[in-house]
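Asker: Input: one structure, supplied below.
What follows is calculated from the coordinates using simple rules that are stated; it is not laboratory data. Keep in mind it's a predicted model, so treat the numbers as computed, not measured. Positions of Cβ are backbone-derived with ideal geometry, glycine not excepted, and every protein chain shown enters the neighbour counts.
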Number of protein chains: 2
Amino acid sequence: MKKIVIQKEEIIRHSLSHIMASSVQELFPGTKFGIGPAIENGFYYDFESPITITPEALLKIEKKMREIIKQNIIFQKRKNTKKEAMELFKNQPYKLELINELKESDITIYECGKFIDLCAGPHVKSAKEISIDAFKLTKIAGAYWRGSEKNKMLTRIYGIGFGTKKELDDYIKLQEEAEKRDHRVLGKNLDLFVFSDLVGKGLPLFTEKGSIIRRILEKFIVDEESKRGYKHVYTPDIGRVELYKTSGHYPYYKESMYPVMKIDNEELILRPMTCPHHFELYNSKMRTYKELPLRIAELAKQFRYEKSGELTGLIRVRAFCLADAHIFCIKEKAEEEINNVLDLIEYVSSVLGLKTGEDYRYRLSLGNQTDNKKYYKDDKSWGFAESVLRKVLKERKANFFEAQNEAAFYGPKIDIQMKNFAGKEETAFTVQYDFVMPKRFKLSYVDKDGLKKEPIVIHRSSIGAIERVMAFLIEKYAGALPLWLSPVQAWIIPIGSRHEDYAKDIGERFKISDLRFEIKNENETVSKKIRGGEMQKIPYLLVVGDNEIKENSVNVRSKNKNLGMMKLENFLEKVDSEIKEKK
Amino acid sequence: MKKIVIQKEEIIRHSLSHIMASSVQELFPGTKFGIGPAIENGFYYDFESPITITPEALLKIEKKMREIIKQNIIFQKRKNTKKEAMELFKNQPYKLELINELKESDITIYECGKFIDLCAGPHVKSAKEISIDAFKLTKIAGAYWRGSEKNKMLTRIYGIGFGTKKELDDYIKLQEEAEKRDHRVLGKNLDLFVFSDLVGKGLPLFTEKGSIIRRILEKFIVDEESKRGYKHVYTPDIGRVELYKTSGHYPYYKESMYPVMKIDNEELILRPMTCPHHFELYNSKMRTYKELPLRIAELAKQFRYEKSGELTGLIRVRAFCLADAHIFCIKEKAEEEINNVLDLIEYVSSVLGLKTGEDYRYRLSLGNQTDNKKYYKDDKSWGFAESVLRKVLKERKANFFEAQNEAAFYGPKIDIQMKNFAGKEETAFTVQYDFVMPKRFKLSYVDKDGLKKEPIVIHRSSIGAIERVMAFLIEKYAGALPLWLSPVQAWIIPIGSRHEDYAKDIGERFKISDLRFEIKNENETVSKKIRGGEMQKIPYLLVVGDNEIKENSVNVRSKNKNLGMMKLENFLEKVDSEIKEKK
């Protein structure tokens, strides 16, 4: 786990925003000041400047900031009356607006050098505490005063700031690396997926190469889940709105659902989740205790309306394919089934190279039984469900934390919190304990004693949305996916035209082994082809010339390293075992 | 090919409708007569009878018909004036309505025994020509006069009729067999798919077993197509309406498309076809002559609005998965590519056990260049396209026929006409030559000479919609699918509880070979289990008892036959080779 931002850094960042404002005041007299808070990793300040602030000006401001810091100025808290404050900021309309809204007792003013600001603090005592080379101004953007389009657009200057130069450098390096790993950039460069304005926003089209990755992941999931007793089904991508009214999702999720389509007398809708379809499949025949636990799984297409501003490559899309499942079981088996689910999640993650603690952790998301609007009222069931989830996490010594008020409306859940390369954590998918839907859909089974009883349902994914996990893997591996997932596993590069036949022979041999390869016989230098192959993140670049023909060998280059000449059969054995082990 | 209905049979059927009407007139005096044409395999007549005609009455009518036929009555054509006709049918309001609409010269009247009818003929000369035991009345239904709900509902009696008793018996047997093979019935009995009112009409939910069949078929198609140079992709199930306006489909297909969904400023729609998505993928980068022919394929979900009355099991649904592809190539390569497509279709069909001539034939569907509303105007391109398709079919000596006015609006096509068990022929899918879409989507490639040129597009499927082919296979095999497609390939049946461990050992061995099996250790007799397995169309029923344990064997039953005891390893070799050969 990366450490959480500490209080001290926030104080430094906020103080830096004052020092930046002070610099702007000196450099551009007549500037009107908005507000300047600390943010994650840095700070900003909003200005209305008489001249346009250019990117070049940032360097000047930075220089001035360093001068001010070197003066070891003191941050002095002042207590003024509202009237005094009004007088002090008479030329600062934005400050006046804020003062007007404050109670007399809430007005605090800070003085640092020549700059006086309306501010609640806290700041460093002296600029001494700020390292002169641990901050950097990063960009200029427009921002409406108080976030409303009705107000004037101000100029916002962003900066980043840390306790030490090393921390700053590490952060910059991480950001540069994250940009290089951006799956949207790599997706284009490696020809994995595209978007089309004509098709629509947030709707990726997977090319042949992207589709190979996707198909392998899908097969891996279906095979692994089937092995573990899941029954993989296909149900329709659409359904009657009635499904979601019955489930109770409609009032909660209407905003992120697609518009209703009226056909004859039916109201159809693109499904935002799979549960009702699986419940209907469960209900399609009488079930008995012998069939439980019944685990219905599906690679389920789902459709959710995401605001266009929130669409992000494959991470946030408007149509996706979730490796979904619903486990129907008796309450007493819930603990065992949830343990099985976490086993599966951890197995799948480990195969993909994701490590618990580093790449993901669990969040136990709890409800709030005082909020009957947000959560179904059933204290006893909530209590039982929460205790089961907590017990499972504790007993398996899972890396988890608890969060209040994050449950589904129908029960508590375990969220799988994925952290991307740059350290940003998001809920990738969930495991939910549900005692509400079985009632709503009248799910039942005939028990040993001949009586009809109600099962509970565990909603879960094992890997999340295929699109999202692809984005995650592309970024984690910076495009250089493990061999078993690589759309092209090898390039065969003949040195000259007289080696092309041998290259083809190797190709024929590779076909037998189901290897994915390309023969690069374009009229280009070998070194250019090698560079090209490295740019395309091809796992194995195989150069073949006279020597290789003589020795029935290939000259192997992998991950920017030359592994030298290898007998063809040895190479095949090597890749075969790597693929089998999903390396 | 089953022989086409001949003129003679139609004459017999039409004459039978007169004899039926004559019988009704005698049995139920006061009946008003509608019309009574010959139809496929039989005939009907519409009546307004003073009493309700019950199913039991059909036997009486049949008996009366035989009496009339035995009288060897003559069918006599009469020529009457309109006035005479009006007098003759003064008590027959429906006939009067028809007479009123006829020209004087078009009025012909036939007399057969006591029954006089307004009719254009032709009929048999004498009832002698009709075999007394080659017809049967089959059902009673309601039918609006002249097909309009605004008119009165009449009683329609259906009959079937043939030249000989043998033909009638064969037909009845075929119908009974077809009913037994009905995929809707088998789908339920074999637990392959279900429908749910809550999910919506025409939207099948595949159970685990049905999903296994589907997944195997899908993998077979993707693997086979990939081997043949297709690039399998994933594109979104929805898209902007603009896509179909650009393609020109919208005005032609709007009626069978789902309603538009408005999101932000976009109008989205469930896709009724895949072409525009693949065109956008083609257009996502600059293409060169080296990339052609480019074959983009997809297991594509498609959505079409079918009237609820036309929905039929998996045959006609509202959402389906088409094994779709678009081949981008130069005009000069069209012939070769279409040949490749037909090779693929014939290979896939043969693997599924479908025979050309027996199960399907081709239809060359041509346009009509005088109809500029229905068909894109470009005589030269139509001429070329039609000649290419015809040449391919002729040169490969394909079983085909030509049909005018059946082309797509953008070009001629080859339809794959599938015939079901009962002999009903339907277009399963098509191969289309398209010179219009490339213009509409501005498709281009850079040729050797550096110039931008326009490719043509071949739209094609290789197997059609997965749902439909499943229905077809279920009916063809009466549910007893070939081993490689069977959701459960074997039941292991221990004779007593002391043989259960051995059954489990066999199961473990089967898991290694990826066989799909169930161990039947319910407390039932072995013979009952065998009957159950035969009902469930399980390919192999393996009974194990003391002898089998001693000999490390299984007692094999397959397709209602006892194959005797077999060493386990021999059995495994046998099924392994059958599965490999897709038997």
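Asker: Would you work out the charge dipole size for the range A:215-370 about its Cα centre, treating the Cβ of every Lys and Arg as +1 and the Cβ of every Asp and Glu as -1, and quote it to the nearest 20 debye?
Answerer: Working: 24 positive and 24 negative charges, 35 e Å.
Charge dipole, the range A:215-370, about its Cα centre: 160 debye, nearest 20.
Asker: With unit charges on the beta carbons (Lys and Arg positive, Asp and Glu negative) and the dipole taken about the Cα centre of the range B:492-583, which residue among B:F517, B:Q536, B:I579 sits farthest to the positive side?
Answerer: B:Q536
Asker: Right, another one. Over the range B:156-242, calculate the relative contact order: mean separation of alpha carbon pairs under 8 Å at least 6 apart, over the residue count, as a percent.
Answerer: Working: 36 pairs, mean separation 11.0, N = 87.
After rounding, I find 13 percent.
Asker: Still on this model: Just check the range B:129-185 against the gyration tensor rule for me: Cα atoms, a ≥ b ≥ c as the square roots of the eigenvalues, rounded for a/c under 1.5, and otherwise prolate or oblate depending on whether a/b exceeds b/c.
Answerer: oblate
Asker: Shifting gears a bit: Once a ≥ b ≥ c are taken as the square roots of the eigenvalues of the Cα gyration tensor of the range A:381-427, is the result rounded (a/c under 1.5), prolate (a/b larger than b/c) or oblate (a/b not larger than b/c)?
Answerer: Oblate.
Asker: Right, here's the next one. Taking the Cα centre as origin and putting +1 on Lys and Arg beta-carbons and -1 on Asp and Glu beta-carbons, what dipole magnitude results for the range B:75-173, to the nearest 20 debye?
Answerer: 120
Asker: Moving on to the next point. 222 nm [θ] for chain A, helices only, -39500 (n - 2.57) per DSSP H run of 4+, per residue, to 500?
Answerer: Theoretical 222 nm ellipticity from helices: -11000 deg cm²/dmol.
Asker: Which of rounded, prolate, oblate describes chain A, given a ≥ b ≥ c as roots of the alpha-carbon gyration tensor eigenvalues and a/c under 1.5 marking rounded, otherwise prolate only if a/b is larger than b/c?
Answerer: Because a/c hits 1.5 or more and a/b fails to exceed b/c, chain A counts as oblate.
Asker: Another question about this same structure. Considering only the label points, 7 Å along Cα→Cβ from Cα, what distances in nm to one decimal separate B:N560 from the same position in each other copy, shortest first?
Answerer: 7.0
Asker: Could you check the spin-label model distance between A:D170 and B:R509? Points 7 Å from the Cα along Cα→Cβ, value in nm.
Answerer: About 6.0 nm separates the two model spin labels.
Asker: Could I ask something else about it? List the aspartates and glutamates whose Cα sits under 14 Å from the Cα of B:K32, skipping any in the same chain fewer than 8 residues away.
Answerer: B:D46, B:E48, B:E97, B:D117
Asker: Any idea what the dipole of the range B:311-409 comes to, in debye rounded to 20, about its Cα centre with Lys/Arg Cβ at +1 and Asp/Glu Cβ at -1? Don't jump to the answer; show the numbers that get you there.
Answerer: On the way: 16 positive and 16 negative charges, 59 e Å.
Here the size comes out at about 280 debye.
Asker: Taking 0.36 nm per intervening residue step and subtracting the Cα-Cα distance, what contour gain separates B:K114 from B:N552 on full extension? Show your work: numbers first, answer last.
Answerer: Details: separation 438, 0.36 × 438 = 157.68 nm, distance 7.87 nm.
Difference between extended and current length: 149.8 nm.
Asker: Any idea how far apart B:Q71 and B:N151 come out in nm if each label point goes 7 Å out from Cα toward Cβ?
Answerer: Modelled inter-label distance: 2.9 nm.
Asker: Across the residues of B:560-570, average count of Cβ atoms on other protein chains within 10 Å? Numbers along the way, then the final one.
Answerer: Values: counts 0, 0, 0, 0, 0, 0, 0, 0, 0, 0, 0.
Partner Cβ neighbours, averaged per residue: 0.
Asker: Over the range B:463-583, what is the percentage of antiparallel beta bridges among all DSSP beta bridges, to the nearest 5?
Answerer: About 55 percent, rounded to the nearest 5.
Asker: Distance check, please: which entries in A:K355/A:K574; B:K8/B:K394; B:K301/B:K374; A:K180/A:K559 exceed 20 angstrom between their Cα atoms?
Answerer: A:K355/A:K574; B:K8/B:K394; B:K301/B:K374
Asker: Read phi for every residue in the range A:572-582 and hand back ³J(HN,Hα) as whole Hz from Karplus 6.51 cos²θ - 1.76 cosθ + 1.60, θ = phi - 60°, with x for Gly and Pro.
Answerer: Listing the rounded values in order: 4, 4, 4, 5, 4, 6, 5, 5, 4, 7, 6 Hz.
Asker: Placing a label point 7 Å from Cα toward Cβ, how far apart in nm is B:I74 from its equivalents in the other copies, listed shortest first to one decimal?
Answerer: Between copies, matching label points for B:I74 lie 13.6 nm apart.
Asker: If the limit is 23 Å between Cα atoms, which of A:K219/A:K442; A:K95/A:K152; B:K331/B:K377; A:K219/A:K511; A:K219/A:K476 go over it?
Answerer: Working: A:K219/A:K442 33 Å; A:K95/A:K152 14 Å; B:K331/B:K377 18 Å; A:K219/A:K511 20 Å; A:K219/A:K476 21 Å.
Where the Cα-Cα span goes over 23 Å, the pairs concerned are A:K219/A:K442.
Asker: A further question on this structure: Other chains' Cβ within 10 Å of A:186-199 residues: what's the mean?
Answerer: Other-chain Cβ atoms within 10 Å of each residue's Cβ, averaged: 4.
Asker: Now a separate question. Using 7 Å Cα-to-Cβ label points, what is the B:I330/B:S577 separation (nm, one decimal)?
Answerer: Here the modelled spin labels are 4.8 nm apart.
Asker: Going highest first, how would you order A:51-61, B:121-131, B:36-46, A:498-508 by mean Cβ packing within 10 Å? Please report the intermediate quantities before stating the final value.
Answerer: Numbers: A:51-61: 13.6, B:121-131: 17.5, B:36-46: 20.1, A:498-508: 15.8.
Peptide ranking by packing, descending: B:36-46, B:121-131, A:498-508, A:51-61.
Asker: Once the Cβ-Cβ distance between A:T288 and A:R498 is put in as r, and R0 is 60 Å, what FRET efficiency do you end up with, to the nearest 0.05?
Answerer: After rounding, the FRET efficiency stands at 0.25.
Asker: Give the cross-link partners of A:K63 among the lysines, using a straight C-alpha distance below 19 Å as the criterion and excluding same-chain residues fewer than 8 apart.
Answerer: A:K114, A:K128, A:K136, A:K139, A:K165
Asker: Within 10 Å of each Cβ in peptide A:228-234, how many partner chain Cβ atoms are there on average? Round it to a whole number, please. Before the final figure, lay out each step's value.
Answerer: Values: counts 0, 0, 1, 5, 6, 11, 13.
For peptide A:228-234, the averaged partner shielding equals 5.
Asker: Another one. Residue by residue through the range B:390-396, which ³J(HN,Hα) values in whole Hz follow from phi under the Karplus form 6.51 cos²θ - 1.76 cosθ + 1.60 (θ = phi - 60°), with glycine and proline marked x?
Answerer: 5, 4, 4, 4, 5, 5, 8
Asker: Still on this model: Using a Förster distance of 22 angstrom, determine the FRET efficiency expected from the C-beta separation of A:L311 and B:V260, and round it to 0.05.
Answerer: It comes to 0.60.
Asker: Among DSSP beta bridges lying fully in the protein assembly as shown, give the percent that are antiparallel, nearest 5.
Answerer: Counting DSSP beta bridges with both partners in the protein assembly as shown, the antiparallel share is about 85 percent.
Asker: What whole-number distance in Å separates the alpha-carbon centres of the range A:147-182 and the range B:469-521?
Answerer: Each part's Cα centre sits 61 Å from the other's.
Asker: Set the Förster distance to 41 Å, then compute FRET efficiency between B:E101 and B:E56 from the Cβ-Cβ distance, nearest 0.05.
Answerer: So the FRET efficiency works out to roughly 0.65.
Asker: For the range A:1-87, with the dipole built from +1 on Lys and Arg beta-carbon atoms and -1 on Asp and Glu ones, taken about the Cα centre, which of A:V24, A:Q76, A:G36 lies farthest toward the positive end?
Answerer: A:Q76
Asker: A further question on this structure: Distance from a point 7 Å along Cα→Cβ of A:V526 to each backbone N in the range A:557-576: keep the residues under 18 Å and list them by number.
Answerer: Only A:557-568 fall inside the zone, counting backbone N under 18 Å.
Asker: List, shortest first and in nm to one decimal, how far the label point of A:R228 (7 Å from Cα along Cα→Cβ) is from its counterparts in the other copies.
Answerer: A:R228 label point versus its equivalents elsewhere: 3.8 nm.
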